Amino acid sequence: MSTTDTTIPNLTPRKKAELLAAAGDPEAVVAPPGGGGGPVLWVRQNLFGSIRDSIITLVLIVVLGWLGYNFLHWALLDATWSGTDAAACRANPDGACWTFIGEKYRFILFGTYPYGEQWRPTIMMIITVMMLAASCDRRMWNWRALAMWIVGGTICGILLFGGVFGLSYVETSSWGGLPVTLVLAVLALAGAFPLAILLALGRRSNLPLIKALCVGFIELIRGVPLISLLIMASVMLPLFLPTGVNIDKLLRALIGFMLFAAAYLAEVIRGGLQAIPKGQYEAADAMGLNYFNKTRLIILPQALRLVIPPLVNTFIGFFKDTSLVYIIGIFDLLTAGDSAVKDPAWRGFANETYLFLAATYFVFCFSMSRYSQYLERDLNKSQRR
Amino acid sequence: MAQAARNLDAEPVEIELHNVNKWYGQFHVLRDVNLTVRKGEKVVVCGPSGSGKSTLIRCINRLEEHQAGDILVDGTLLTNDVKNIEIIRRDVGMVFQQFNLFPHLTIIDNLTLAPIWVRKMPRKDAEELAMMYLERVRIPEQAQKFPGQLSGGQQQRVAIARALCMRPKIMLFDEPTSALDPEMVKEVLDVMVELANEGMTMICVTHEMGFARSVADNVVFMDRGEVVEMAAPEEFFAHPKSERTRLFLSQILAH
């Protein structure tokens, strides 16, 4: 804005509004400064504000463009899409080999599950994902969700195990790939969450014994690496069990994983409990609510919504940590991908595999993240002033 | 009011405190407090901050535990027995300085919560009851809103209605107007005066001396954990006996 702005046509709308307001026009609206410039102005001010900024912007554009161009060529333009063996891919070393994924995706997704029966884990996964999606709706957060999961879970179990209704029996050691990852993540986290709430409440209990047990459990479990816990569950536990008693390896890993997740989630939930003002407890006490109803109706609903971000953070972390079960020889998604890479006939296509695996994990983790953001907004809608 | 005070002697005793003592660590907050409140009696407790007046009424519904002496509420002796405590809390409503509404529940849900879960009232009946009390505190149109959307005065009126929904025999008020903006004090006091006129037994910790003058049967002055003076308001304000009371009144009534 130059100081020689004396002629009226040269006034900006903002200046004009200011002058009108100063003249006492009640209709004049002075917009806040800096508002309404459009994307072009934003780019000019923020990316090309000075010579140094302009140079940095240009260098970054070139670097990013070059990386993007190369990736695009490798992944799409120069990629090999057809064929049934590695020959075509080897003839085209500069492009991605999606033929490999096309040949191996069933192995990566289902591992060693009998080939002819793989429709069973497919349906199981569809049911699971549908139930997860349905559970996202807050109107389902009552007995309906519980009933749905009991019925759906039973169907999923029947599909995976078989042995009834003419389905052949498939033992858990043959399971593999994404179904195993889903079973581990969903069951372990579904079990860990209520356990974590109990641990968090117990840690704040006035009863010394309960408090000591909860503190002891949390500190003990948190103090050891997940891998050592999994190894204990798979190798050490059977040594202590009486002969003849044999707990399934997947179940052992699941329980170990659940206990580990519970300890972490408990501390997240405790953070939320501590943020609830004392007055809320007192108001609930004063009206004669007992401990159970006070906790269920007043304290937990507030505490849990406060900790949605760290809670989902922990959930996402543990979803990916299910891949650590490879260490005790359970054939989850990552292990299946890893084995596919090691096929002698298809050596050298690790990049494609890991990209495929990363994309699969990303779909689940990103969904969780987006859902948590939606949930936060939805739950806080009512509380905005 | 003076006439009502004379008739009170015939009424049954609702609350009785006998040589109540309490310590926070080494700090002696309540020293040999004796107090008798009869049915329909309104007692205003005043005193400088830290004098133990809030602690006193919080002992009556066991939000604080006293260490020596006896407290009898409606004939029930307060002990560590959780069942006893819950019985007493059902019949004793409390209104807090900071309202303490449940921010995640709508106004109507705040009101129906205790009737449904403590009194086991059917939801429909509880909602009718809640609407009746919301009308009495003159904000039925706010029923579906959340506490955060209401003004301080409205929130405190909801808090009073919430306590009334339990149909308590006794109401405790812990500085109900101290957290309010000045222009909202009156709307809350009006509701409290109405409640008093209906014959509710009330103990109010408050600095509102006008309220004490017009409503109280007895005014209690506390200082350093002791009940220094207790008298009918005319007597209390006109001829305070103790030097400490005179000093307190001169400070609080100066402006």
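In table form, for the structure just shown:
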quantity: Residues of region A:216-243 classified as among the β-branched types (Val, Ile, Thr) and without any contact (Cβ under 8 Å) to a residue 12 or more places away in the chain, total; calculated: 2
quantity: Residue A:340 being modelled with pLDDT under 90, open to solvent by 30 Å² or more (accessible area, probe 1.4 Å) and closer than 30 Å to residue A:170 by Cβ; calculated: no
quantity: Residue count, region A:335-385 (criterion: farther than 19 Å from residue A:97 by Cα and either away from chain B (no Cβ under 14 Å) or not hydroxyl-bearing (Ser, Thr, Tyr) (or both)); calculated: 25
quantity: Region B:193-221: number of residues that are among the β-branched types (Val, Ile, Thr) and part of a loop (DSSP other than H, G, I, E, B); calculated: 1
quantity: Helices (runs of 4 or more DSSP H) fully within region B:53-137 counting 3 or more residues that are more than 14 Å from chain A (Cβ to nearest Cβ) and open to solvent by 30 Å² or more (accessible area, probe 1.4 Å); calculated: B:123-136
quantity: Qualifying residue in region A:271-281 (condition: of a type outside the set (Ser, Thr, Tyr), within 10 Å of chain B (Cβ to nearest Cβ) and either crowded, with 19+ Cβ neighbours inside 10 Å or within 21 Å of the chain's Cα centre (by Cα) (or both)); calculated: yes
quantity: Out of A:147, A:91, sole residue that is more than 24 Å from the chain's Cα centre (by Cα) and under 27 Å from residue A:187 (Cα atoms); calculated: A:147
quantity: Flag for residue A:303 being without any contact (Cβ under 8 Å) to a residue 40 or more places away in the chain and open to solvent by 20 Å² or more (accessible area, probe 1.4 Å); calculated: no
quantity: Single condition residue B:190 does not satisfy, out of (1) assigned to a helix (DSSP H, G or I); (2) within 14 Å of another protein chain (Cβ to nearest Cβ); calculated: (2)
quantity: Residue under evaluation residue B:224, criteria (1) in contact with a Leu (Cβ under 9 Å, 6 or more places away or on another chain); (2) surrounded by fewer than 23 Cβ atoms within 10 Å (Cβ to Cβ), criterion not met; calculated: (1)
quantity: Test for residue A:107: is it part of a loop (DSSP other than H, G, I, E, B) and aromatic (Phe, Trp, Tyr); calculated: no
quantity: Unique match (being over 28 Å from residue B:76 (Cβ atoms), open to solvent by 30 Å² or more (accessible area, probe 1.4 Å) and of a type in the set (Lys, Arg)) among B:213, B:157; calculated: B:213
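The values are calculated or read from the model by the stated rules, or taken from the named source; none is laboratory data. Just so we're clear, the structure is a prediction, and the values are computed from it rather than from any experiment. Here the Cβ is made from the backbone with ideal geometry for all residues, glycine too, and neighbour counts use every protein chain on show. All accessible areas refer to the heavy atoms of the entire protein, side chains included, with ligands and DNA or RNA removed. Shrake-Rupley method; radii C 1.70, N 1.55, O 1.52, S 1.80 Å.
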